[in-house]
Amino acid sequence: MAFSNFIPHIAPTILFYFLLLPSPISSLNITLLLSSYPSFSDFNSLLSSTGIAADLAARSSLTLLAVPNPLLRAPSSPNLADVLRYHVLLEYLSLPDLRRIPPTGKLVATLLQTTGRAAANSGSVNITIDSNSITFHSPASNATLISPIKSLPYNISILSLNSLLIPADPDLAASETRPPLGLNITSTLINGHDFNVAAAMLAASGVISEFEADEGGAGITMFVPTDEAFADLPPSAKFQSLAADRKAVVLRFHMLHSYYPLGSLESIVNPVQPTLATEQNGAGSFTLNISRVNGSVGIDTGIVQASVTQTVFDQNPVAIFGVSRVLLPREFFGRDPIDLYKPSGGGAPPPDIAMSPENYGPANHLSAGGAGGGGVGVFWGLWCTVIFYFLN
């Protein structure tokens, strides 16, 4: 009875709180967001006229580097769209995130990198910080942060720069044609310069044909260990001693049977993800635990903790990411991580896989995919509960 008498008193307060929460958004309308800031109208117009604004509609967890009208000097390059793609970082970076950048800087992939037209890391922006400023570097230019404009954690952060950034050799890639869906994964990895071992193993095992066959369906997300990751495999792992069919399972363990761009991985609702190996060996087996770790994407196999180090390729329905370690399933390699990896050179062990809280309030998952579905369901469940108590 006391509880039922208490509800009418708190219901209006709770209702008012939920009225203040932003409503769920199914897609990102960058034009609408920037329309509230007239000083960025020219930059906003360029995003619309080149089609970049439409390209961003299905993405989340990104940072837009915008330039105000008085400082905007659009280049005469025939590839203005690629210049603008270079101003879309494929990672959510708030001002506190930027202030935590190490002295060595941080390399962040851009939307230009996803086109396949940027060689090696030329589609990435290097961010450095000193006591006076935060600077964004391209091979051809630098720009300084003026101020943050808008932040919707962990979906979009809009930052103001004092000039446009010009990517390396923007005129060399005149074609606006994107890579076809029939992507040659082996060639893509070899062109990445640091994935030769993985490319050779995929080709020799025959599973590469399975991966490429899945490109046209729900898509694929591949985690590819670097050559250094294979070199760092401890002898106790006995990876090379595995039978050929078991090596093929380990390779399948590195692939998700869905397309996840980097932003979706960072905001993934269910961290336990089945792999292609799960489909062949039964539910609950050969799963990966994926979550946001220290501003990056961490992957935990139960015995190995790795991190995403770079975006190799990202165009729906294929995402390929470089990872720092070979992902060893505990089904084959036991359950004790100490026997497999010990810090070398006195270094610290990998961080625990855990979400990093940020003090910006609830996140609005802007992608239309499943990454934000759980949050929306919880919101509307609470909303209906409040309305029921308020009206009764």
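The values are calculated or read from the model by the stated rules, or taken from the named source; none is laboratory data. Everything quoted here is computed from the prediction, not taken from an experiment. No Cβ is skipped: glycine too gets one built from the backbone with ideal geometry, and neighbour counts run over all protein chains shown.
Couple of notes before you dig in:
- Lone qualifier among Ser151, Ser122, Ser131 - being farther than 29 Å from Leu32 by Cα and either part of a strand (DSSP E or B) or free of Cβ contacts under 8 Å to residues at least 40 places away in the same chain (or both): Ser131
- Residue match in region 224-241 (condition: part of a loop (DSSP other than H, G, I, E, B) and among the charged types (D, E, K, R)): yes
- Odd one out for Ile268, checked against (1) touching a Pro at 6+ places or on another chain (Cβ under 7 Å); (2) within 28 Å of Val108 (Cα to Cα): (1)
- Residue match in region 317-338 (condition: farther than 30 Å from Val125 by Cα, touching a Pro at 6+ places or on another chain (Cβ under 7 Å), aromatic (Phe, Trp, Tyr) and modelled with pLDDT of 80 or more): no
- Test: residue in region 255-275 that is in a helix (DSSP H, G or I), buried (at least 22 other Cβ atoms within 10 Å of the Cβ), over 16 Å from the mean Cα position of the chain (by Cα) and at pLDDT 85 or above: no
- When Ser187 is tested against (1) exposed (fewer than 13 other Cβ atoms within 10 Å of the Cβ); (2) modelled with pLDDT under 65, just one condition goes unmet, and that condition is (2).
- When residues in region 59-98 are screened for being surrounded by fewer than 21 Cβ atoms within 10 Å (Cβ to Cβ) and either within 13 Å of the chain's Cα centre (by Cα) or basic (Lys, Arg) (or both), 1 of them pass.
- Applying a threshold of 7 Å to beta carbon distances and a minimum spacing of six or more residues, or different chains, the list of pairs starting in region 99-114 at a residue that is surrounded by 19 or more Cβ atoms within 10 Å (Cβ to Cβ) and ending at one that is part of a loop (DSSP other than H, G, I, E, B) and modelled with pLDDT of 85 or more reads Val108/Glu91; Ala109/Leu90; Thr110/Tyr86; Thr110/Leu90; Leu111/Leu90; Leu112/Tyr86; Leu112/Pro167.
The rows are residues; the columns are (1) more than 23 Å from the chain's Cα centre (by Cα); (2) modelled with pLDDT of 90 or more; (3) over 23 Å from Phe313 (Cβ atoms).
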site	(1), (2), (3)
Leu107	no, no, no
Ala119	no, no, no
Ser124	no, no, no
Ile127	no, yes, no
Leu161	no, yes, yes
Pro170	yes, no, no
Thr177	yes, no, no
Pro180	no, no, no
Leu202	yes, no, no
